[in-house]
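Written below as structure tokens is the structure these notes are about.
The values are calculated or read from the model by the stated rules, or taken from the named source; none is laboratory data. Since this is a predicted model, take the numbers as computed values, not measurements. Ideal geometry is used to build each Cβ from the backbone, glycine not excepted, and the neighbour counts take in all protein chains shown. Only protein heavy atoms, including side chains, enter the accessible area calculation; ligands, DNA and RNA are left aside. Shrake-Rupley method; radii C 1.70, N 1.55, O 1.52, S 1.80 Å.
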Amino acid sequence: MDDDIGSLYAERGVGGVRPRFSMALVRLHHLGPMTIRQLAEEVEVTHSAMSQTVTAMRAEGLVETAPGEDARTRTVALTEQGRALVPFLEDEWRATERAWAELEAELPYPLTRVVDDIAAALRRRSFLDRISAQLDAGQDGGA
């Protein structure tokens, strides 16, 4: 799906933007400059992932960074180029949500139910426990 969204960007003449940039750019537009850590929390990704995303967005001229309050932090802000993209990105996000709902309506079960069921199963037994058990079972079976 990300490839299709990327193709949409290219079709619409939106260059230098990757789907993973969208939410960060929208959050910066609505909330103003923030640290990489704050932006990561807003977008619900790791600090490392957001740091890489910010580096890529900066290379495309969409954001600028400046030293934060201490030597360990960087503040991220939109550039004019980044700000100009936000209306399109917000429209694309809403269209993507509608397209997702349309797709889900064609399926015999809602994908959100699958996600909820997986989350419930993982609350009962973590994925780590499941991997460990499989690893131990594989070792017991002899290689």
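Only protein heavy atoms count here; on that basis, with a 1.4 Å probe, Arg94 has an accessible area of about 110 Å². Assuming charge only on the beta carbon of Lys and Arg (+1) and of Asp and Glu (-1), the dipole of the chain about its Cα centre is about 400 debye to the nearest 20. Within the assembled protein chains, the solvent-accessible surface assigned to Arg20 is about 110 Å², based on a 1.4 Å probe. Placing unit charges on each Cβ (+1 for Lys and Arg, -1 for Asp and Glu) gives the chain a dipole about its Cα centre, and among Met34, Pro67, Val17 the Cα reaching farthest toward its positive end belongs to Pro67. In the chain, Cα pairs under 8 Å separated by at least six residues give a relative contact order of 18 percent.
At 37 °C and 0.692 mPa s, grab the translational diffusion coefficient of the chain from Stokes-Einstein with a Kirkwood Rh over Cα pairs, rounded to a whole number in µm² per second.
Details: Rh = 18.0 Å.
The calculation lands on 182 µm²/s.
Measuring only protein heavy atoms, the 1.4 Å probe finds Asp2 accessible over about 100 Å².
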